[in-house]
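Notes for the one structure printed next.
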Amino acid sequence: MATVRDVREKAGDEPITMLTAYDAPTAGIVDDAGVDVILVGDSVGNVVLGHETTVPVSVDGIAHHVGAVSRATEDALVVADMPFLSFGVDEKDSLENAGRMLKEEGAQAVKLESGPHTVDLTEKMVQLGIPVMAHLGLTPQHVNQYGGYPRQGTDQAAAQRMLDLAIEHEEAGAFSLVLEHVPANLAAEITDALDIPTIGIGAGPDCDGQVLVFDDAVGISEWTPSFSEQFGNVRAEMESAVDDYVSAVESGEFPADEHSHEETDLEDIY
């Protein structure tokens, strides 16, 4: 099983790979492929559960998915994405919610959508043995504040704030940092300034690693963001399989003789 130390030591050495997973079968596929980190993202809200945003995802909900992923993972580092208002409101609740993901559900770390309010919290979590992956740039839990999903760090002041926060979270003990939807040159500058690895999504090629949503990467999603890439067309394969199933049932081709059996001892009941 990978550890946060393994991920941290890869910074500047070899690229870190990270994908999301929300269930055991997907986690098994991702783990078998040798992906370094599996993120049980709060993106489960809009990717799997049909919500418009990640905001409705609950602590119980994410815990359910973290447990499923952890049970199916042997090698990758499993990171639980802490959902909206599960942290940063009350310190005691924040620590208990994060600790639950490790103690009860089998994660090895948590991810926090970060800001000035999470610096001290990151330090406290790390002191208690809860490894923290920080997350700056586009933070989807702030969708109502942003009014959508705009690029972040696009002016000098915002870029400087992001750099400062990245350094503060490293000093607080975060073992890695996700940078989402920020200019590639800013991500490169932040990566160069930190000793911990950066993992980019829509942040250019100079981060220490990359992360994508599983459904986007394999081609299940109907829509993908401009910074993503479909490395397969699983949706088309699924649609084809379902169409073939419906046709086979309607035509009587399924089930065939090989899909059924008869018991001769039951003949007397007719």
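Tell me yes or no: at least one residue of the range 46-59 is under 26 Å from K10 (Cβ atoms), open to solvent by 50 Å² or more (accessible area, probe 1.4 Å) and not β-branched (V, I, T).
no
Considering A63, A107, A2, A80, which residue is open to solvent by less than 40 Å² (accessible area, probe 1.4 Å), modelled with pLDDT under 95 and small (G, A, S)?
Values: A63 fails: modelled with pLDDT under 95; A107 fails: modelled with pLDDT under 95; A80 fails: modelled with pLDDT under 95.
Every option except A2 fails the conditions.
Taking the stated definitions as given, is L179 of a type in the set (A, V, I, L, M) and either in a loop (DSSP other than H, G, I, E, B) or under 19 Å from the mean Cα position of the chain (by Cα) (or both)? First the steps, then the outcome.
Numbers: of a type in the set (A, V, I, L, M): yes; either in a loop (DSSP other than H, G, I, E, B) or under 19 Å from the mean Cα position of the chain (by Cα) (or both): yes.
For L179, the condition - of a type in the set (A, V, I, L, M) and either in a loop (DSSP other than H, G, I, E, B) or under 19 Å from the mean Cα position of the chain (by Cα) (or both) - is met.
May I ask you to list the residues in the range 162-183 that are out of contact with any helix residue (DSSP H, G or I) (no Cβ under 9 Å at 6 or more places or on another chain) and either closer than 21 Å to T122 by Cβ or open to solvent by 40 Å² or more (accessible area, probe 1.4 Å) (or both)? Reasoning before the result, please.
If we filter the range 162-183 for residues that are out of contact with any helix residue (DSSP H, G or I) (no Cβ under 9 Å at 6 or more places or on another chain), which is where we start, we get 164, 178, 181.
Result: D164, V178.
Could you list, in sequence order, the residues of the range 1-27 that are assigned to a helix (DSSP H, G or I) and of a type in the set (K, R)?
Those that are assigned to a helix (DSSP H, G or I) and of a type in the set (K, R): R5, R8.
Determine which single condition S70 fails, assuming it passes every other condition in (1) among the small types (G, A, S); (2) under 17 Å from V7 (Cβ atoms); (3) open to solvent by 10 Å² or more (accessible area, probe 1.4 Å); (4) out of contact with any Gly (no Cβ under 9 Å at 6 or more places or on another chain).
(4)
Which of the residues belonging to the range 103-151 are assigned to a loop (DSSP other than H, G, I, E, B) and farther than 29 Å from A184 by Cβ?
E104, E105, G106, A107, Q108, L128, G129, I130
Conditions: (1) under 30 Å from R5 (Cα atoms); (2) loosely packed, with under 11 Cβ neighbours inside 10 Å. I201 meets all but one. Number of the miss?
Among (1) under 30 Å from R5 (Cα atoms); (2) loosely packed, with under 11 Cβ neighbours inside 10 Å, I201 violates only (2).
Mind listing whichever residues of the range 38-58 are under 14 Å from the mean Cα position of the chain (by Cα), assigned to a loop (DSSP other than H, G, I, E, B) and not acidic (D, E)?
G41, S43, V48, T54, V57
Any idea which of H169, H142 is under 18 Å from the mean Cα position of the chain (by Cα) and under 27 Å from V47 (Cβ atoms)?
H142
Hey, does the range 231-244 have a residue that's within 22 Å of E14 (Cα to Cα), without any contact (Cβ under 8 Å) to a residue 40 or more places away in the chain, part of a loop (DSSP other than H, G, I, E, B) and open to solvent by 30 Å² or more (accessible area, probe 1.4 Å)?
Taking every residue of the range 231-244 in turn, at least one turns out to be within 22 Å of E14 (Cα to Cα), without any contact (Cβ under 8 Å) to a residue 40 or more places away in the chain, part of a loop (DSSP other than H, G, I, E, B) and open to solvent by 30 Å² or more (accessible area, probe 1.4 Å).
Anything in the range 111-147 that is of a type in the set (K, R) and open to solvent by less than 20 Å² (accessible area, probe 1.4 Å)? List them, or say none.
Residue satisfying the conditions is K111 alone.
Listed residues G34, G41; which is touching a strand residue (DSSP E or B) at 6+ places or on another chain (Cβ under 9 Å), touching a residue at least 40 places away in the same chain (Cβ under 8 Å) and open to solvent by 20 Å² or more (accessible area, probe 1.4 Å)? Break it down into steps so the answer makes sense when it comes.
Details: G41 fails: open to solvent by 20 Å² or more (accessible area, probe 1.4 Å).
Unique residue meeting the criteria: G34.
Give the number of residues within the range 213-230 that are open to solvent by 40 Å² or more (accessible area, probe 1.4 Å), at pLDDT 95 or above and aromatic (F, W, Y).
0
So, in the range 129-162, of the ones that are within 22 Å of A80 (Cβ to Cβ) and of a type in the set (V, I, T), which residue ends up modelled with the lowest pLDDT?
V143
Here are the criteria: (1) in contact with an Asp or Glu (Cβ under 6 Å, 6 or more places away or on another chain); (2) of a type outside the set (D, E, K, R); (3) within 19 Å of G204 (Cβ to Cβ). Tell me which single one Q141 does not satisfy.
With respect to (1) in contact with an Asp or Glu (Cβ under 6 Å, 6 or more places away or on another chain); (2) of a type outside the set (D, E, K, R); (3) within 19 Å of G204 (Cβ to Cβ), Q141 is out only on (3).
So if I check each of V78, V30, V35, V66, which one is in contact with a Ser or Thr (Cβ under 6 Å, 6 or more places away or on another chain), β-branched (V, I, T) and not in a loop (DSSP other than H, G, I, E, B)?
Among V78, V30, V35, V66, only V78 is in contact with a Ser or Thr (Cβ under 6 Å, 6 or more places away or on another chain), β-branched (V, I, T) and not in a loop (DSSP other than H, G, I, E, B).
Using the structure shown, decide if A217 is outside any loop (DSSP other than H, G, I, E, B) and closer than 26 Å to G148 by Cα.
In short, yes.
The values are calculated or read from the model by the stated rules, or taken from the named source; none is laboratory data. Small disclaimer: the values here were computed from a predicted structure and weren't measured. Glycine also receives a Cβ, built like all others from the backbone with ideal geometry; neighbour counts cover every protein chain displayed. These area figures cover heavy atoms from the full protein model, side chains too; ligands, DNA and RNA do not enter into them. Shrake-Rupley method; radii C 1.70, N 1.55, O 1.52, S 1.80 Å.
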